[in-house]
Amino acid sequence: MALTASKAYQAASAENWVGRKDGKEAAYERWGQVVKILDLKEALPELKRSFVMIGYCCDEGVRRNQGRVGAAKGPDHLRVILKNLPVHHPAAIKIYDAGNIYCQEGDLEETQTLLAHAVSRIIAAGGFPLVLGGGHDLAYGHFTGIQNSIGNQKKIGIINFDAHFDLRAPDAGSGNSGTGFYQVAMELKAQGRPFYYLPVGIQRISNTKKLFEVAKEFNVSYIDTSLLNAGNLPHLLPQLQQFLDRVDVVYLTVDLDVFSAAQAPGVSATAFNGIEPGHCFFTLLRLICQSGKLRSLDIAELNPDYDIDSRTAKLAADILFNVLLEL
């Protein structure tokens, strides 16, 4: 079903961006004063040099995966933080809010299809999608949208900051928040195309032996969470650059459970000893952004029900803030 005919899609409201105002001059501006509203049911303008947020209000995949539900409320929770961020990105960059896609009656698959359609339309108009999640089942729809928009000629590389591989086989054909990249891999295999996938922040305590075996079967190299520290950057940066050199386009996905529970308590599955959102992480993020290949980004698994002092939302906002500075 197209977005134009779906009740699951709701355009954004300007009221969501009413926040603190220190003044009207550019030097005083905050995101809430510059974000524009975009309705995906209408014809899209030229979106060159534009970042377009689309909320994925779905945690059905988390429920199927027996996780802590609540991430469906993540997109609006994140907007509350984003609206008061100061504007430091170049004036030529525009930010749009394209509203939310909601999961209706547990129909995860339809929600993913709608997300794919939204992402494809945004990219076709020249925009850069920022998908706000929502469960990590958004990955399958997000990748599909990228692939549909750029065709089969370019090699799409997926970089996934995550404590989990998300390479589980769907149960009886029913996907969940842990199956997204398995589904992508199998579709690419059916098309006779390679699967370029780099998980960063993997924890053994968060993945069964079988998942490591599946990763090996798919020729997936990964970066263990224990290696993600500033002292190891001389080894990490060449490894990341090698992956970037193999692909034409990069899809970056950040599952917030990759971070320590102290910094990111508001997720579907916390990692008590996850990575720190410090120099190492942001150095790797900067390399990805400055590669010239980053085409789309999502933030996954933000769960407001467990987000103490909005720490996780503030971390997600910090990531988006820095991406806009680096691209």
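The numbers here are math on the coordinates, done by the rules we state, and not lab data. All figures in this text were calculated on a predicted structure; none of them were measured in a lab. Cβ: placed from backbone, ideal geometry, glycine included. Neighbour counts: every protein chain shown.
Annotations for the structure displayed:
- Taking every C-alpha pair closer than 8 Å and separated by at least 6 residues, the mean separation divided by the residue count of the chain gives a relative contact order of 19 percent.
- Across the chain, the longest run free of exposed loop sites, meaning GluC sites (Glu not before Pro) lying outside DSSP classes H, G, I, E and B with no more than 12 other Cβ atoms within 10 Å, spans 106-327.
- Spin-label model, Gln153/Asp305: points 7 Å from Cα along the beta carbon direction are separated by 4.7 nm.
- In this Cβ point-charge picture (+1 for Lys and Arg, -1 for Asp and Glu), the chain has a dipole of about 640 debye about its Cα centre.
- Using a simple spin-label model with pseudo-atoms 7 Å out from Cα toward Cβ, Asp224 and Ser291 lie 2.3 nm apart.
- Compactness relative to 2.2 N^0.38 Å, alpha carbon Rg of the chain: 0.92
- In this structure, the residue pairs whose Cα-Cα separation is over 24 Å, taken from Lys7/Lys94; Lys7/Lys293; Lys24/Lys83; Lys21/Lys314, are Lys7/Lys94; Lys7/Lys293.
- Over the range 137-281 - Rg/Rh using Cα atoms and the Kirkwood inverse-distance radius: 0.95
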